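Quick note: the coordinates plus some simple rules give every number you see, no bench work behind them. Here the structure is a predicted model, which is why all the values come from computation and not from measurement.
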Amino acid sequence: MIILIIAILFIIYHFTLKKTYSLDLPNVDNIETINLEYNEKSKMITDELEIEDIIYVLSGGKGRTSNQASINDSPVNANELIKIELNTYNNKVSTLFVYTKNNKYYIEKPYNCICRISADEYNGVFKYIR
């Protein structure tokens, strides 16, 4: 009987009470530049269409949500890490990372959330810093 109660409570927690996080990105119209860093290479993106493309890729087109919170300044045990800084017209910087880990692709905003992305989405950012 106790095992049944614990199982029911776990199911309720897992499917209803688990917190959902939304990837918090500035509005594309407020972004002045994007800085990309990969290994020792860096590039500043200033072209409006390229900025729109990168934000579209990062947002997944309509926004991203995840059940996984980010609790660090940067990803842990990440490979192929690309640091992204979104610089707004009001001098605010929003930092994100796209990376691989265990043959899966992720986007992480420190202290916000960690979201799975596809290889195509990862490459949609990587093409700007090759």
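Over the alpha carbons of the chain, what is the largest minus smallest coordinate on each principal axis, giving the biggest first in Å?
63, 30, 24
For residue 8 and residue 32, calculate 0.36 nm times their separation in residues minus their Cα-Cα distance, and state this gained length in nm to one decimal.
Working: separation 24, 0.36 × 24 = 8.64 nm, distance 4.98 nm.
Value of the extension gain: 3.7 nm.
Please report, to two decimal places, log10 I(q)/I(0) for the range 76-130 at q = 0.16, 0.25, 0.29, 0.30 Å⁻¹ as given by the Debye formula with identical point scatterers on the Cα atoms and no solvent.
Evaluating at q = 0.16, 0.25, 0.29, 0.30 Å⁻¹ gives log10 I(q)/I(0) of -0.48, -1.02, -1.23, -1.27.
Using helices alone, what [θ] at 222 nm do you get for the chain, with -39,500 (n - 2.57) per DSSP H run of 4 or more residues, divided over all residues and rounded to the nearest 500? It would help to have the intermediate numbers written out before the result.
Details: 3 runs with 31 residues, N = 130.
That calculation yields -7000 deg cm²/dmol at 222 nm.
What residue among 89, 106, 21 shows peak mean-square fluctuation when the chain is described by a Gaussian network model with Cα springs under 10 Å?
Residue with maximal mean-square fluctuation among 89, 106, 21: 89.
Starting from the Cα gyration tensor of the range 43-118, multiply each eigenvalue by 5, take the square root, and state the resulting semi-axes largest first in whole Å.
Result for the range 43-118: semi-axes of 21, 14, 13 Å.
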